[in-house]
Amino acid sequence: MAATKEDVLKFIEEFDKRIEEHHQELTDLDQAIGDGDHGINMNRGMKAVMEKIPSVQDKTITDIVKTVGMTLMSKVGGASGPLYGMAFVKASAKAKGKEELSPEDISEMIGAAIASIEKAGKSTTGEKTMLDAICPAKEAYDKAIADGKSVADAFADAEDAAWKGVEYTKGIIATKGRARYLGERSIGHQDPGATSISYLIQSARVVAEAK
């Protein structure tokens, strides 16, 4: 089943709700191993996004998703702004000229976001970052689609894989960002970026299931 522009708008609204609901949790996680501002920054950024949406909701999917990215880059401090912002911007390019998104289009957008995060963060999986959640999520999504599952079921599998990735980050040493200075003391703490991006996947699952 294809995703429409309305689905994309609902997804953005759902992610805003998730960040609003969990921003204190994300900040607490970040205070343990990072700058202590991830939830606060993401909440501020998503509020700014929601203020911008009415001005672009009649435009294309690419315009909408790109606007999310540009707004997050300008409004979110720390490492999260550039990482999330460029991820949305690069993902938006994969939707160019499309009025609906096929399951394969969605996969390409997630892939573009991952490539952007890897490049901007100079990171890969196993380094206690958001990649440890979004990479297995994409693998699970792609497998589900290849197996003939619906987009809703694929995102359910993706979300499950993402949260397992979050759990995985507890057991590894951080080698990126402020957390890397803690060395082995970062073990036992889950990565806040992996957590917030799991809420992003969760938002997509909720919208897909409601179709």
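Run the simple label-point estimate for Ile53 and Ala146 please: 7 Å along Cα→C-beta, distance reported in nm.
It works out to 3.4 nm between the two label points.
Quickly work out the Asp105-to-Glu118 label distance, labels modelled 7 Å from Cα along the C-beta direction, and quote it in nm with one decimal.
For Glu118 paired with Asp105, the spin-label model returns 2.4 nm.
Note down the nm distance, to one decimal, between modelled labels 7 Å out along Cα→Cβ at Arg180 and at Glu209.
3.7 nm
Quick one: what are the phi-derived ³J(HN,Hα) couplings along segment 83-90, Karplus 6.51/-1.76/1.60 with θ = phi - 60°, whole Hz, x for glycine and proline?
So the Karplus estimates, Gly and Pro as x, are 5, 5, x, 5, 4, 5, 4, 5 Hz.
Express the relative contact order of segment 101-200 as a whole percentage, based on alpha carbon pairs under 8 Å and six or more residues apart in sequence. Write down the numbers at each step before the final one.
Details: 145 pairs, mean separation 30.1, N = 100.
Once divided by the residue count of segment 101-200, the mean separation gives 30 percent.
Name the shape class, rounded, prolate or oblate, that the alpha-carbon gyration tensor gives for segment 1-136, where a ≥ b ≥ c are the square roots of its eigenvalues, rounded holds for a/c under 1.5, and otherwise prolate holds if a/b is larger than b/c and oblate otherwise. Write out the running numbers ahead of the final one.
Numbers: a/c = 1.94, a/b = 1.34, b/c = 1.45.
Because a/c hits 1.5 or more and a/b fails to exceed b/c, segment 1-136 counts as oblate.
How much area per residue is accessible in the chain when the probe is 1.4 Å and only protein heavy atoms are counted (Å²)? Intermediate results must be reported in sequence, preceding the final value.
Working: 9700 Å² over 211 residues.
With all protein chains present, the chain gives 46 Å² per residue.
The values are calculated or read from the model by the stated rules, or taken from the named source; none is laboratory data. The structure presented is a predicted model; accordingly, all values stated were derived computationally and were not measured. Neighbour counts are summed over all protein chains in view; Cβ atoms, including those assigned to glycine, are modelled from backbone coordinates with ideal geometry. SASA here: full protein model, heavy atoms, side chains in, ligands and nucleic acids out. Shrake-Rupley method; radii C 1.70, N 1.55, O 1.52, S 1.80 Å.
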